[in-house]
1. Only one of Leu132, Leu112, Leu98 is touching a Cys at 6+ places or on another chain (Cβ under 8 Å), within 29 Å of Pro193 (Cβ to Cβ) and at pLDDT 95 or above; which?
2. Give me the pairs, please: first residue somewhere in region 245-256 and on the phi > 0 side of the Ramachandran plot, second residue anywhere and among the basic types (Lys, Arg), beta-carbon distance under 8 Å, and either six or more positions apart or on two chains.
3. If a residue counts only when it is of a type outside the set (Asp, Glu) and in contact with a strand residue (DSSP E or B) (Cβ under 9 Å, 6 or more places away or on another chain), which helices (runs of 4 or more DSSP H) contained entirely in region 72-184 have at least 2 such residues?
4. Examine region 117-130 for a residue that is in contact with a Gly (Cβ under 9 Å, 6 or more places away or on another chain), within 21 Å of Val165 (Cβ to Cβ) and either touching a residue at least 60 places away in the same chain (Cβ under 8 Å) or of a type in the set (A, V, I, L, M, F, W, C) (or both), and state whether such a residue exists.
5. Within region 85-99, can you find the residues that are in contact with a helix residue (DSSP H, G or I) (Cβ under 9 Å, 6 or more places away or on another chain) and closer than 16 Å to Ala177 by Cβ?
6. When residues of region 210-231 are filtered for being among the hydroxyl-bearing types (Ser, Thr, Tyr) and out of contact with any Ser or Thr (no Cβ under 8 Å at 6 or more places or on another chain), how many remain?
7. Considering only residues that are among the charged types (D, E, K, R) and closer than 14 Å to Phe205 by Cβ, look in region 122-156 and name the one that is surrounded by the most Cβ atoms within 10 Å (Cβ to Cβ).
8. I need the full set of residues from region 203-217 which are in a loop (DSSP other than H, G, I, E, B) and either free of Cβ contacts under 8 Å to residues at least 12 places away in the same chain or within 19 Å of the chain's Cα centre (by Cα) (or both), in order please.
Amino acid sequence: MILVTGATGTVGRQLILELKTRQAPFRVFARDPAKARALLGPVDAVAGDLARPETFGAALRGAEAAFLLSPMEPRLVAWETGLARAAAKAGVKRLVKLSALGADPRSPAAILRWHGQAEEEVRRAGAPFTFLRPGALYQNLLGHADSIRRGTLALPMGDARVAMVDARDVAACAAAALCGPARAGQTLTLTGPTALSYREVAAIFARVLGRPVSYAAAAPDDARRALDSSGTPPWMTDALLSLAERLRAGDSDVAADDVRAASGREPISLETFALDHRAAFA
């Protein structure tokens with residue numbers, strides 16, 4: 001039995017599809033099991049909350065593996081530490097954590113620092129672990145669909161090349177780590193075929209859509225004002241802009257072979273993603 005946290009998110013939903021395809025037994029850990037079933041179809045869902053350790057015991061009962069994915073927010077380290085310790089105590093033999101490319105407990109970027117600190121706590125907890133460190137998800141671009149439809153992609157990334165990956169590939173690697181040959185102690189770097197600048201991203205969308213799409217390198221202060229005006233919480237604005245600063249510095253200009261090695265298939269290209277989601281951007 002595999003316990004899946006974060007099952008209703010971008011990667012989590014793809015992981016559920018992968019586990020169903022593999023006919024692997026799994027259980028979904030969700031604050032609202034009825035909502036989870038509405039999104040995921042008929043699944044075994046148990047009520048639980050990462051902020052409520054008293055819900056971990058029933059969820060972990062009989063679980064031999066667990067997928068650890070918590071919401072991106074300042075309590076991430078505490079939440080993931082709690083579940084990792086409970087999983088080790090329950091005898092879980094595989095703990096697969098979704099982390100982030102560049103995770104480092106000393107990173108000046110909050111998101112990377114949180115993931116790095118959580119990785120350290122997972123190691124200390126004692127259950128055999130695998131860390132998945134994906135680059136930026138292609139699916140994040142769906143949040144910029146309106147802008148792309150208008151012909152402009154504006155982001156505070158300068159001309160940096162950034163590792164990106166499809167959530168479907170991340171899910172395939174997660175399923176392989178949960179169900180396939182043991183990868184205890186391994187850290188997998190998950191990227192698409194090549195790092196891309198956002199100017200190149202815009203050009204790819206222009207080719208797929210058959211109309212002009214240009215990239216505008218937004219100034220950090222302009223990006224902050226846009227995030228503030230959209231109602232983004234201040235802590236999230238700071239976290240996103242500190243991450244963008246690291247990306248502009250070139251920290252994510254990498255391409256790895258771990259998607260192919262772990263999933264047995266070539267990583268999905270941004271062109272394929274854009275074609276698959278063309279209706280969202282047209």
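The values are calculated or read from the model by the stated rules, or taken from the named source; none is laboratory data. All figures in this text were calculated on a predicted structure; none of them were measured in a lab. Heads up, the Cβs are rebuilt from the backbone with ideal geometry, glycines too, and the neighbour counts pull from every protein chain shown.
1. Answer to the selection: Leu132.
2. Pairs that qualify, where the first residue is on the phi > 0 side of the Ramachandran plot and the partner is among the basic types (Lys, Arg), are Gly250/Arg161.
3. In region 72-184, the matching helices (runs of 4 or more DSSP H) lie at 76-89, 110-125, 167-179.
4. Scanning region 117-130, I find at least one residue that is in contact with a Gly (Cβ under 9 Å, 6 or more places away or on another chain), within 21 Å of Val165 (Cβ to Cβ) and either touching a residue at least 60 places away in the same chain (Cβ under 8 Å) or of a type in the set (A, V, I, L, M, F, W, C) (or both), so the answer is yes.
5. Matches in region 85-99: Ala87, Val92, Arg94, Leu95, Val96, Lys97, Leu98, Ser99.
6. The total comes to 2.
7. The selected residue is Arg149.
8. Gly210
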